[in-house]
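Before any comments, here is the structure.
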Amino acid sequence: MNASSYSAGSSVPLSPPITMSSVFQVSDLDAFERIARYEERGYFYARDNHPNGELLEQQLAALHHTGWCLVTSSGMAAISVALLGCLGATRRIVASDQLYGRTNQLLSKHLGKFGITTEYMDITHPAKWEAALKTPVDAVIVETISNPMVRIADIPRLASATHAAGGKLIVDNTFSTPIGYRPTAVGADIVVESLTKLISGHADVTLGAVLADDLNLKTTMAEVRSVWGFAGNPFESWLCTRSLPTLALRYQQSEQNAQQLAEWLQQQPGIAKVHYPGLPTHADYQLCQQTLGGHAGYMLCCELTTGRAGVDHFIRAGNVPFCPSLGDCTTTISYPWATSHRYESAESKHQQGITEGLLRISVGIEPLSHIQDLFSRALSTCSVAKES
Ligand SMILES: *Cc1c(COP(=O)(O)O)cnc(C)c1O
């Protein structure tokens, strides 16, 4: 950061300044060459690089212990940069069958237009996905903990199989954040984060990040970000920088609340099933203990006994805000059937386990008793709905 230009005498601002300039004046042609070749630190055009983006990149790379980071305009832009940057020899991608809805759409509908094929693998059966990785690939994409069914991918095992197939393993780590898990530490090549979610955490930023070690990938992906126009902006980068000192505290509190809320919800009338990898009843409980060190995250789902009508009553009760996002300080709910997985067929939703009675919960940092109180009140309206 060019904080010194804001200094007065021997004082400099503790909070980094926001540099809104979209373009920079460079002293001469030789200096421009050095900056363009990354031989000298500097900026010329904000679509390529700017001080607030660069500072955030350094901070995020430190959290993930990666060699580099590129900040993008959204989590989807980060996924696009990661995929486009890996495509080459085979034009074949293998993807988890448990992915965020827009990622599925990108793969099956939009990249397909360019002749890129995506094969989906059953992430919950290693024997099945190992078969899909017998054929060479450019990239494999999975989510550490999947949206919304919170299924867990075995990253170390996937990394070996992906490398044997000649590809790069891309891991969307949004439900874990670097506090819960660091996929590159166990063999993943590229990590993607939607900074919009818990990392920014205050429902006021839309940004993403791609992180890795390989410097050749950085050159390619920085070019992809520039030519497709996927860069993030200075003000939101600054807001995200402001969120980072509290990230670990917010993550820990949300995760602890999520575990206790999941256990409590299991006992509540009107709840048919709770999905949370920190519960021994979850199919990936063991995997969560082994590979994620028990970090089951801040997201869970529950099924209401009253189905879609029950969900509607729960939402209308208004106790817990219904918003199609996650990772805020406040506990919020969403409805995957019609929001995050809206554009998928009913068959594909059922296959992933998404039902019409499924409520997704993003657990915030409020006192647990406060969250329980909100859920009790909203759930009581669902049972009234059933009786009437
Ligand atoms: C929200 C989300 C994304 C997309 O991030 P945006 O910042 O909304 O573009 C990608 N992956 C997962 C798992 C998400 O939850």
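Values for this structure:
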item: Apportionment of accessible area to carbon and sulfur, the range 211-291, percent (1.4 Å); result: 51 percent
item: Apportionment of accessible area to carbon and sulfur, the range 33-172, percent (1.4 Å); result: 52 percent
item: All Cα pairs of the range 256-295, percent lying beyond 16 Å; result: 33 percent
item: Portion, in percent, of the accessible area of the range 295-356 that falls on carbon or sulfur, probe 1.4 Å; result: 51 percent
item: Viscosity 1.002 mPa s, 20 °C: Kirkwood-radius Stokes-Einstein D of the range 270-330 over Cα pairs, µm²/s; result: 160 µm²/s
item: Cα-based Rg of the range 138-182 normalised by 2.2 N^0.38 Å, two decimals; result: 1.14
item: Per residue value of the accessible surface for the range 105-185 (all protein chains in place, 1.4 Å probe), Å²; result: 36 Å²
item: Residues with amide H under 5 Å from that of residue 305, placed H, sequence gap 5 or more; result: 271, 272
item: Approximate shape of the range 268-388 as ellipsoid semi-axes (Cα gyration tensor, √5λ), whole Å, largest first; result: 22, 19, 14
item: Other-chain or far-sequence residues with amide H under 5 Å of residue 123's (modelled H); result: 97, 98
item: Sequence of 143, 347 from largest to smallest accessible area, 1.4 Å probe; result: 347, 143
item: Within the range 261-388, percent of DSSP bridges classed antiparallel, to nearest 5; result: 90 percent
item: For the range 297-363 and the range 40-103, distance of Cα centres in Å; result: 28 Å
item: Estimated vicinal HN-Hα couplings, Hz - the range 229-237 in sequence order (Karplus 6.51, -1.76, 1.60; Gly, Pro = x); result: x, 9, 5, x, 10, x, 5, 5, 4
item: Dimensionless Rg ratio for the range 206-342, taking C-alpha atoms and the 2.2 N^0.38 Å reference; result: 1.32
item: Residue 125 - accessible surface, heavy atoms, 1.4 Å probe, Å² rounded to 10; result: 90 Å²
item: Scattering curve values for the range 193-241, log₁₀ I(q)/I(0), Debye with Cα scatterers, q = 0.23, 0.24, 0.28, 0.30 Å⁻¹; result: -0.88, -0.92, -1.03, -1.07
item: Enclosed volume per residue, in Å³, of the convex hull spanned by Cα atoms of the chain; result: 143 Å³
item: Mean separation of Cα contacts under 8 Å (6+ apart) over length of the chain, as relative contact order %; result: 17 percent
item: Per residue accessible area of the range 204-298, 1.4 Å probe, in Å²; result: 45 Å²
item: Charge dipole magnitude, Cβ of K and R +1, D and E -1 - the chain, Cα centre, debye nearest 20; result: 580 debye
item: Estimated vicinal HN-Hα couplings, Hz - the range 20-37 in sequence order (Karplus 6.51, -1.76, 1.60; Gly, Pro = x); result: 7, 5, 8, 8, 10, 7, 10, 5, 7, 5, 5, 4, 4, 4, 5, 5, 5, 8
item: Solution diffusion estimate, µm²/s, Stokes-Einstein, the range 97-239, Kirkwood Rh from C-alpha pairs, 4 °C, viscosity 1.567 mPa s; result: 80 µm²/s
item: Residue-wise HN-Hα coupling along the range 312-324, computed from phi with Karplus coefficients 6.51, -1.76, 1.60 (Hz; x: Gly, Pro); result: 4, 5, 4, 5, 5, 4, x, 5, 10, x, 8, 9, x
item: Ellipsoid semi-axes in whole angstrom, largest first, where each is sqrt(5λ) of the Cα gyration tensor of the range 1-100; result: 33, 19, 12
item: Convex hull volume per residue for the range 225-266, taking Cα atoms only, in Å³; result: 108 Å³
item: Heavy atoms of residue 120 accessible to a 1.4 Å probe, total area in Å² rounded to 10; result: 90 Å²
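The values are calculated or read from the model by the stated rules, or taken from the named source; none is laboratory data. All values derive from a computational prediction rather than experimental measurement. Reconstructed Cβ throughout: ideal geometry from the backbone, glycine too, with neighbour counts over all protein chains shown. Side chains are part of the model used for accessible areas, which takes the heavy atoms of the whole protein and leaves out ligands, DNA and RNA. Shrake-Rupley method; radii C 1.70, N 1.55, O 1.52, S 1.80 Å.
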